[in-house]
Amino acid sequence: MQGTASDQGYQEVPGGICAVPGFKAAGVYAGLRKRPGSVDVALVDAGEVVTAAGVFTQNIFCAAPVTVDREHIADGHARAIIVNSAIANAATGEPGLANARKTAQAVAAGLGCEPADVLVCSTGVIGVQLDMDKLLGAVPDAIEALSEEGGAAAARAIMTTDTVSKECAFTYGFGGRTYTIGGMCKGSGMIMPDMATMIAVLTTDAPVAPKAAYVALKRAADISFNKVTVDSDTSTNDTCLLLSKGTGEQFDEGSEAFEAFCAALGHVCECLARMIAADGEGATKLVTVTVTGAASDEDADLCARAIANSPLVKCAVAGHDANWGRIAGAAGRSGATFRQEDVDIDIVGIPVMRKGLPVPFDEDAARAGFEPAEVELAIDLGAGECSTRMWTCDFTHGYISINADYRS
């Protein structure tokens, strides 16, 4: 597990994706969202063609932009990323593919690059065609609005049911130089990523080679975004993109510089992933599920995922109920290998099970332990040395209300 930012020497800086020198961004209103004036199109520009890497949803119903981006990023390079909210452009057939490509062409024409150097992302309602007059009409506005201070506007523009925008940036030092990694993401519901995240854009001035950039991004996503679940659903549009504008000798796999970059990228992604879980639809709590003592990494993940996805566990957290039976039940059906007589469980730091049997605890103290914005559920399987963490949230009536009324 990673240490804290201070442990690793990371320093948080303002600016999000634009904290990295040379990047500009914008968020403009195209009219795709129902709320007039709410920015709904984001544009990120590196100013030139740079190293690019991406990981994408494994959902068979993948959106048109995912198909196009897989084509465009195949050579490991890109210049710009455009993201629209409100409409997912998923399950839209050939017209949807054509619209994604038209969007890339419009941005490329405005920036003076090739369409293949533009990556396209969409998020929102599935099965609805984009209003291309509105979207293409906003492209010149987005290009004109590009600014080194535009990161916050871009982060707002990619929101759907998110209640807050999500962005961060950190610097880290290596080899006498200081590098910056910035990021923004969106995600609140339909969240349990598979190979990527909801929509995330990461920027850096670390000079990472294309192949190494993909390896680093995949590794970072696996320990962060792929450890988040709100409701166990994987989106049709999950996309995580990295643009590297670094100069100098490129970091290759296996080097100390590459490992330092991977650690820093993982830290940024973890910060963003925690923001997603904390902003789960209707959520009042960020829940960290910690599994230790697993026989394998796979077992640790299976157990953590079962607990984090359990509606019963999530409802217990919402009700401030230290119901250890729900955690034990989820672990027992997870597929992880362990003996129940070896299991310890702690809820909000309070021991509630030791060696597979309940131990007395103060119910009032346990209820009070649920008051903070973040709570932890911990289970030691007593079967090995492997461990993991996942982030989730509680289930409240708000989740039902948001999703019952999502399209209407």
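The values are calculated or read from the model by the stated rules, or taken from the named source; none is laboratory data. On a predicted model such as this, the values are computed, not experimentally measured, just so you know. Positions of Cβ are backbone-derived with ideal geometry, glycine not excepted, and every protein chain shown enters the neighbour counts. In case anyone asks, the SASA skips ligands and DNA or RNA and just uses the protein heavy atoms, side chains included. Shrake-Rupley method; radii C 1.70, N 1.55, O 1.52, S 1.80 Å.
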Please enumerate the residues belonging to the stretch 153-174 that are more than 21 Å from A53 (Cα to Cα) and in contact with an Asp or Glu (Cβ under 8 Å, 6 or more places away or on another chain). A157, T161, D162, T163, V164, F174
Report, by residue number, each residue of the stretch 161-185 that is under 26 Å from N403 (Cβ atoms), open to solvent by 30 Å² or more (accessible area, probe 1.4 Å) and not charged (D, E, K, R). T161, T163, V164, S165
For the stretch 45-59, indicate whether the set of residues that are under 23 Å from G127 (Cα atoms), without any contact (Cβ under 8 Å) to a residue 24 or more places away in the chain, of a type outside the set (A, V, I, L, M, F, W, C) and open to solvent by 20 Å² or more (accessible area, probe 1.4 Å) is non-empty. no
Please determine whether any residue of the stretch 20-31 is over 30 Å from A300 (Cα atoms), open to solvent by 20 Å² or more (accessible area, probe 1.4 Å), of a type in the set (S, T, Y) and at pLDDT 95 or above. yes
Going through F395, F361 one at a time, which residue ends up being closer than 24 Å to D162 by Cβ and part of a loop (DSSP other than H, G, I, E, B)? F395
Please pick out the residue among F361, F370 that is more than 30 Å from the chain's Cα centre (by Cα), at pLDDT 95 or above and hydrophobic (A, V, I, L, M, F, W, C). F361
I need the full set of residues from the stretch 98-132 which are touching a residue at least 12 places away in the same chain (Cβ under 8 Å), small (G, A, S) and more than 12 Å from D45 (Cα to Cα), in order please. A100, A104, A106, A116, S122, G124, G127
Only one of (1) in a helix (DSSP H, G or I); (2) more than 21 Å from S224 (Cα to Cα) does not apply to R305, and that is (2)
Can you tell me which residues in the stretch 123-146 are open to solvent by 30 Å² or more (accessible area, probe 1.4 Å) and in a helix (DSSP H, G or I)? D133, K134, L136, G137, P140, D141, I143, E144, A145
Anything in the stretch 189-232 that is out of contact with any helix residue (DSSP H, G or I) (no Cβ under 7 Å at 6 or more places or on another chain), open to solvent by 10 Å² or more (accessible area, probe 1.4 Å) and among the β-branched types (V, I, T)? List them, or say none. V215
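Let's see how each residue does on (1) within 19 Å of G15 (Cα to Cα); (2) among the charged types (D, E, K, R):
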{"site": "M132", "(1), (2)": "no, no"}
{"site": "L136", "(1), (2)": "no, no"}
{"site": "P140", "(1), (2)": "no, no"}
{"site": "A145", "(1), (2)": "yes, no"}
{"site": "R156", "(1), (2)": "yes, yes"}
